[in-house]
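Structure first, commentary second.
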Amino acid sequence: MSDFWSSIFDFSDYGQLLALVGNSIIAGAVLGIVGGLIGVFVMQRDMAFAVHGISELSFAGAAAALLFGGNVVFGSLVGSLVAAIVIGILGSRARDRNSIIGVLMPFGLGLGILFLALYPGRSGNRFGLLTGQILSVDIPQLGSLIAISVVVLVVLLVIWRPLVFDSIDPDVAMARGVPARTLSIVFMVLLGLMVAVSVQIIGALLVLALLVTPAAAALRVSSSPLVVPLLAMLFGFVSAVGGILLAIGGSLPISPYVTTISFLIYLGCRIVGRVNGRRLRRRVVPA
């Protein structure tokens, strides 16, 4: 039993290992903060399913690049953007969007599995596309992640007000002249970019842990337009960086640590939200 726990948590050489993963910690911090922020709009626009659909096409693009000797990051970006644009153009309504995603997901996953099955190289490269490889982030990967995240953040801030309006009350926003279709496509492109870099770090199977769960947790404890984004970014940061710091001391991949922290934060927020809701009802209902 002690051997089992020592394989999960072993901090004997933690100081030396920590010095080797500076790039990974920066990558996790950036991904957690920007992913948490864009996740607020994912939840408000009911697009959690879309994140998973885009990640499958991103996985297929990365697997194709791996098989044919191309740039994996570029392949992942192409797959994500194709899926995001298709969903943004054809899926203006929730029912249409879910149908399109339901078609794209198995198609992308099937292509990705096919490309990985044909790939003759190291199995670690194949496994990394599914579960991530944040502990081996190099300078070019870190640079591309930061550059893409900055672009996403800047554009998100530029379209923030109309995007909030369209996300909360799309019918009224359209009546007021907000370009809902254009906003939808722009937002889907931003989401596709974040999914692409997230797949490289945390893997296609677990991307929801950073792009959905932190925002879902924040919405459980607050409805403030200022507090929710701040909490989502904080929760994303803690999940990503905390997962890295725990993974350094064990032999397991990064993903279980990140997803566990993210889930525990969400569970805690649900409990807090329920307790606060009961207190509010007691104040409203007269004795």
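Hey, does the stretch 192-204 have a residue that's over 19 Å from Gly32 (Cβ atoms) and of a type outside the set (Lys, Arg)?
Pass one, the stretch 192-204, residues over 19 Å from Gly32 (Cβ atoms): none.
No, because not a single residue in the stretch 192-204 is over 19 Å from Gly32 (Cβ atoms) and of a type outside the set (Lys, Arg).
Residues of the stretch 207-216 being part of a helix (DSSP H, G or I) and either surrounded by fewer than 24 Cβ atoms within 10 Å (Cβ to Cβ) or out of contact with any Ser or Thr (no Cβ under 7 Å at 6 or more places or on another chain) (or both), which ones? Quick ask: steps written out before the conclusion?
At the first step, the residues of the stretch 207-216 found to be part of a helix (DSSP H, G or I) are 208-211, 213-216.
Across the stretch 207-216, the qualifying residues are Leu208, Ala215, Ala216.
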Exercise. Check Leu219, Leu264 and return the single one that is in a helix (DSSP H, G or I) and surrounded by 17 or more Cβ atoms within 10 Å (Cβ to Cβ).
Key: Leu219
Quiz item: Quick one: is Gly236 assigned to a helix (DSSP H, G or I) and free of Cβ contacts under 8 Å to residues at least 60 places away in the same chain?
Solution: no
Quiz item: Is it true that some residue in the stretch 239-251 is at pLDDT below 85, in contact with a Leu (Cβ under 6 Å, 6 or more places away or on another chain) and outside any helix (DSSP H, G or I)?
Solution: no
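The values are calculated or read from the model by the stated rules, or taken from the named source; none is laboratory data. Treat the numbers as computed from the prediction; the structure is a model and nothing was measured. FYI the Cβ positions are ideal-geometry reconstructions off the backbone, even for glycines, and counts take in every protein chain you see.
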